[in-house]
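Coordinate-derived values only; no laboratory data. Note that this is a predicted model, so its numbers are computed, not measured. Here the Cβ positions follow ideal geometry from the backbone for every residue, glycine too, while neighbour counts run over all protein chains shown.
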Amino acid sequence: MILEVTDAGFAYPGGKKVFSNISFSLADREVLCILGPNGIGKSTLIRCLANLYDLCSGSIRLFGKEMSGLHQVEIAKKVGYVPQAHEIVFPFSVRDFILMGRAPHLAAFSAPGKEDYEIAMEKIELVGIEKITEKPVNMISGGEYQLAMIARALAQEPAILLLDEPTSHLDFGNQVRILEIIDQLAESGLSVIMSSHFPDHAFLTSNSVAIMKYGTFMAYGLAEDVVTEANLRQTYGVDVSITYSNDVARHICVPHRSGKCRCGSKLPTGCSGNSSIVEPPGGSSTM
Amino acid sequence: MTTVTNRISSTYMAIRPFFKRKVISTILIYGTLPVLFVASLFLGQYDVSPSHVIDLLGAPFLNLLPEEIIHVNPSWTAAEYNIVYVIRLPRVIAAVLVGSGLALAGAAYQGLFKNPLVSPDILGVSSGAGFGAALAILLSAGAFMTQLSAFCFGILAVAITYLLSRFYRTTPTLILVLSGIIVGAFFTALISLTKYLADPYEKLPAITFWLMGSLAAVRYTDLLLVAPPILAAATILILIRWRINLLAVGDDEARALGIDTKRMSQIIILCSTLITAGAVCIAGIIGWVGLVVPHLCRMLVGPDYRKLLPVTIILGASYLLIIDDIARNLTSAEIPLGILTAIIGAPFFAYLLRKRSVGWT
C-alpha cells in the first residue's frame, strides 16, 4: 500500500474535535474521492495527509514509513498537495509558479536549473496550459490557475496527489476537464485523493469513495456501493436519484427539488424537505 | 523561401522590443551605480574636479605596479586628497551599504509577509535602535557607544517582537506584524520619554538630528563595525533568494513543497534585522528606501526574487546615493536624509501607484 491511514483523529489545539477513527488505504493508481458537507473536515484531513497538520491520534504510513517521523522534504517528494484556490499577491509568471514545485529536489542555496525547467515545461504540456506560461499567475482564469497548481504539484514528481476541492469555483466545462486530467494522471501511475462537493464526480473518476459525516468516514468503499440515494440524503439532507445512464455508460446522480420530488412510491417516508434525514448518533441534526 | 524570411523577420520583430528593452534596462540599472559612485565623490561644497577624483581613485591601484612601468604624478592637492579619501569616500560607501541593505531587507520582508506594503522596520527594529541611540545620547555616552546601543536595542526590539508572537498560537505572520506594531509603539514612547527628559539646548537637538538620519559623521571605523554583519546577512539572503518566492506564495504551500517555513522565516527575520540595525546605527532612521525601491524593482524585473534581489540591491544603493548627494549639495546646510527620502519617496511612490503597473494586485 502506498498510503495507509489507521484510526486517524484530529482536533485543533484546545479546540473541538474535527474527526476521529478514520481508516483507509490507497493503492497504486487508485483515485479516492472524499465527499461530505461543508465544514465537515475534508480539507483538514487532506492537510493532515500532506503533513501540514499533525494527527492527534492514529497514524499515517507513507510507503510503510510513519509520516510523523519523516522530514517534510521527504514527504514533498512523494506527496503533491493542491490547495483550494486563493489569491496570490505577487504576479509570478505561470512558469515560475510551476517551477516552485521543484523545491523538494533542490538544495537550500540552489535555484532551478535547465533540467528543472524541462520538467516544469513537461508538466505544463501535460495539463495543457502552454499558451499562458508567461502570464502572471494572478491574471489567469480560475480554471487555468487550478491547472497551474496541479502542474506545480506534478513538478514535485510525487506518487500521491492530494487535491482539495479541485473543481470548486470552476465552470462546468473546466470541472470536466480537470476530472479528465485527474483520470489520465491516475492511469499514468499516480494515486489521487481528492475532495469534492459533487457526488457525480465520484462516478466520473473514482475507484473508491468515502463520505465524511459525524466526524468520521460514514461510508467508505467502491463508488457504486457508497454513493447511494440513502447515503446522500443522510449526508446532504437533500433527495437525489441515482440511475444508470446508457448514454454515458455510468451511474449519474441527479438532485430533486425539495418537497417537489416525484419519488413518493420509492420512499415510504416521503421526502418533504429534511424529514427523512437520519439523526446522527448521539446528537441532533444540525442541518 | 519568402515564408521562411517572413517568419524569421516576424519572430525578430516580436522579440526585438523585448530584447532591446531588456538590454537597455539592464545597462541602465547596473551602469548607474558606478557613475553615481564617482560623481558623488566630486559633488560637494568643496570643489574637486572630476579628473582629479578619477586620478585619486586610480592612484592606489597604479601604485601597486612597479615604479619603472608607471609613475604616478599627484595631480591633486593634499586638501583634495583629504576631502575625497577621508570625508567623501566613507560617506559614499556608507550610502551604498545602507541604501542597498535597507532595500534588500524590505524586499525580503515583503516576501515573508506576502505583502508589498511592508518596510524593514515592520518588526520594530528602527524604533528600538532609535531608542538605543537616544538613551546613549541622553547619558552622554559618546559616538561609538551610541552606535552600539542603537544596534543592540534594534535587535532587542525584534527579539521581543518575535518572542511576543510566540505567545499567541494563531496565524504566525499576522501576529508577528501586530507584535511589531506593539513593540514599535512601545519604543517610540520610550524615545519620546528620553526626548522629554533631555536637556533642550544640547541633547534634545542631538537626539532629534540623530533620528532624522544622516551620513555626515560616517568614518571608516564605523564602516568596519557594521559592514561585516550587513554583508554576511545580505549574502545569506541572496543565497536563499529563490526560496523566498515560495514563502511569498503561501505558508501551507511552501511547507507542502518541503520548505521548513518556520526556520526560513527565522533566517529572513534574523538577516533583515542585522542589516537594518547595522544601517540604522550608522545612518539614523531612514524610511521609505525599503518600501519604495523593492516596488520599483518589481515593476522593472518582475516578482521573481532571483532577479528581484540583485536589482533591489543596486537600485537601493543608487537611490540613497542620489538622496545623499541632494542632502549635502542642495543647500549650504545639510538636509537630514530621513526628511529627503520621504519628501522625494512619497510623491515618487504615489506616481508609481498611479501607473497601475505596480506588480501586485
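Here are some notes:
- Neighbour count of at most 12 Cβ within 10 Å plus DSSP loop: longest trypsin sites (Lys or Arg not before Pro)-free window in chain B: B:170-354
- Remark: mean inter-chain Cβ contacts per residue of A:91-103 equal 5, using a 10 Å Cβ-Cβ cutoff to other protein chain atoms.
- Largest first and in whole Å, the equivalent-ellipsoid semi-axes of chain B read 34, 33, 18, each the square root of five times a Cα gyration tensor eigenvalue.
- Proportion of all alpha-carbon pairs of segment A:3-236 beyond 24 Å (%): 44 percent
- Multiplying the residue separation of residue B:38 and residue B:333 by 0.36 nm and subtracting their alpha-carbon distance yields 104.0 nm.
- Under DSSP loop assignment and at most 12 Cβ neighbours within 10 Å, longest GluC sites (Glu not before Pro)-free interval of chain A: A:135-287
- Helix-only [θ]222 nm of the protein assembly as shown, DSSP H runs n ≥ 4, -39500 (n - 2.57) each, per residue, nearest 500: -18000 deg cm²/dmol
- Taking chain B and dividing mean pair separation by its residue count, relative contact order in percent (alpha carbons under 8 Å, at least six apart): 26 percent
- When the chymotrypsin sites (Phe, Trp or Tyr not before Pro) in segment B:200-298 are filtered for DSSP coil states and for at most 12 other beta-carbon atoms within 10 Å of their beta-carbon, the remaining sites are B:201.
- One compactness figure for the protein assembly as shown is 1.21, namely its Cα radius of gyration divided by 2.2 N^0.38 Å.
- Inverse mean reciprocal Cα-Cα distance (Kirkwood Rh) of segment B:178-307, Å: 17.5 Å
- FRET efficiency for the residue B:216 to residue B:326 pair, using the beta carbon distance and R₀ = 22 Å, is estimated at 0.95.
- Note on chain A: Lys pairs 8 or more places apart or on different chains, Cα atoms under 16 Å apart, count 10.
- Spatially near lysine pairs across chain B, Cα under 28 Å, sequence gap of 8 or more or different chains: 11
- Using the Cβ-Cβ distance between residue A:38 and residue B:182 with R0 = 30 Å, the FRET efficiency computed as 1/(1 + (r/R0)^6) comes to roughly 0.25.
- Annotation for segment A:2-34: trypsin sites (Lys or Arg not before Pro) lying in DSSP loop with at most 13 further Cβ atoms inside 10 Å of their Cβ are A:16.
- Label separation (residue B:68 vs residue A:141): 7.9 nm, computed from points 7 Å beyond Cα along the C-beta direction.
- Relative frequency of Cα-Cα separations exceeding 20 Å in segment B:57-190, percent: 62 percent
- Look at the stretch A:79-86: the mean tally of other chain Cβ atoms within 10 Å of its residues' Cβ atoms is 2.
- Spin-label pair residue A:254/residue B:85, simplified geometry with 7 Å Cα→Cβ offset, distance in nm: 9.4 nm
- Here the Gaussian network model covers chain B, with springs between Cα atoms less than 10 Å apart; of B:78, B:103, B:129, B:78 fluctuates the most.
- Based on Cα contacts under 8 Å between residues 6+ apart, chain A shows a relative contact order of 20 percent.
- Here the dipole of segment A:3-236 is about 660 debye; that uses its Cα centre as origin and unit charges on the Cβ of Lys and Arg (positive) and Asp and Glu (negative).
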